[in-house]
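A short write-up of the structure that comes next.
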Amino acid sequence: MGFIAGGLALSNIIDGTSIILDSNGLISTAAAMVKCKTADEIVNNSSVLQDDNHLFFACAANTTYALELIMYIDAKASSDFKFAFSVPAGATIISKSFPGALNTAVADATIEDPTTIAAPLVLLLRYNLILSVGANAGTCQLQWAQNNAAVEDTTMKIGSTLSYKEIV
C-alpha cells in the first residue's frame, strides 16, 4: 500500500480518478485531475443523451475550470454520435475541438455538438473547454448518445478521459 502527502492511501482511490504528483512526489493543488473510463460503455438504438458512467466531477460555485475531453468512440455512419455536458444552472462552457473552430459560449446546462461520422470507424476526438460555474455548485457530467437511433452499438471506449483543473 503506497502512502503520500500526509497518509493518503493510493489504494483507496478506485473510481478511475488519477492523482498527478508534482516534481517532489507530492500532490499538487495546481495539477489537473483526470477521470478515466475504466470500462467500455455501449448505447444501442437511442438518441437520448445519457450520463456517462465515468466522466463527471463535482464543481464548486463561483469557480472556473479548464477541461480537456478525449473520447475514444466506436460508431457507425448510420447512427452517428453526439455529446453534451450537463452543468449547474447558470454555468457557461466555451469549447474548442481539434481540429475545428471555436464554439460560442453556451449558458445554462448543456453544450451539444453532433459530430458527423463518414464511415464505420473508431474515432479519437479531443476538446478543450472552459467551464465557468456561477452561484450554483453541482456536477459537470458528460452525456452522449447516437445522433440517429439505430439498432447497432455505439461505444465509448475504455481509456477516454476528462481532465479538469481549477483556474480561477
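Every read-out reported here was derived from the displayed coordinates using simple, explicitly stated rules and does not represent laboratory data. Everything numeric here is computed off the predicted structure, so don't read it as measured data. Heads up, the Cβs are rebuilt from the backbone with ideal geometry, glycines too, and the neighbour counts pull from every protein chain shown.
Listed by position, the strands (runs of 3 or more DSSP E) contained in region 127-168 that have at least 3 residues being more than 10 Å from Leu67 (Cβ to Cβ) and polar (S, T, N, Q) are 138-145. The set of residues in region 125-167 being touching a Cys at 6+ places or on another chain (Cβ under 6 Å) and closer than 20 Å to Val48 by Cα consists of Cys140 alone.
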